[in-house]
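Each remark here refers to the structure printed beneath this line.
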């Protein structure tokens, strides 16, 4: 009996099976975490597009204050792009509101951000490609 206890006390470290179980658990956790991480990165990139359209909204409201209508001419409203969203377009505009959109470039390719603004209900932002 004493011999068995001595053998147990001398045994140190992990067995191959124990190490494989840990590797499998880490692999499962990584397979769940990586897609969630990438999704959050794309949402962060899309928020940069929303910030660009927020600058467009401010520029359009300044233009509206001076001309009593919104414009589709990009040169009439001066705003610059960001890292992933470098340009925008104002698709339609009248005295009641406008619609604008921007499409991502580089790592944000495939993400499109849309803004619809009306004088009565304000701005609504929607995302595509997330």
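The values are calculated or read from the model by the stated rules, or taken from the named source; none is laboratory data. The structure presented is a predicted model; accordingly, all values stated were derived computationally and were not measured. Glycine gets a Cβ as well: all are built from the backbone with ideal geometry, and neighbour counts include every protein chain shown.
Quick notes on this structure:
- Counting the residues of the range 82-100 that are touching a strand residue (DSSP E or B) at 6+ places or on another chain (Cβ under 6 Å) and surrounded by 15 or more Cβ atoms within 10 Å (Cβ to Cβ) gives 7.
- Selection status of residue 72, at negative phi and exposed (fewer than 11 other Cβ atoms within 10 Å of the Cβ): no
Residue-by-condition table, conditions (1) closer than 30 Å to residue 124 by Cβ; (2) surrounded by fewer than 10 Cβ atoms within 10 Å (Cβ to Cβ); (3) modelled with pLDDT of 90 or more:
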| residue | (1), (2), (3) |
| --- | --- |
| 2 | no, yes, no |
| 8 | no, yes, no |
| 12 | no, yes, no |
| 15 | no, yes, no |
| 22 | no, no, yes |
| 25 | no, no, yes |
| 31 | no, yes, yes |
| 39 | yes, no, no |
| 48 | yes, no, yes |
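- Residue under evaluation residue 77, criteria (1) at pLDDT below 90; (2) farther than 26 Å from residue 45 by Cβ, criterion not met: (2)
- Elements of the type strands (runs of 3 or more DSSP E) sitting completely within the range 26-118 and holding at least 2 residues that are farther than 19 Å from residue 128 by Cβ: these cover 89-94.
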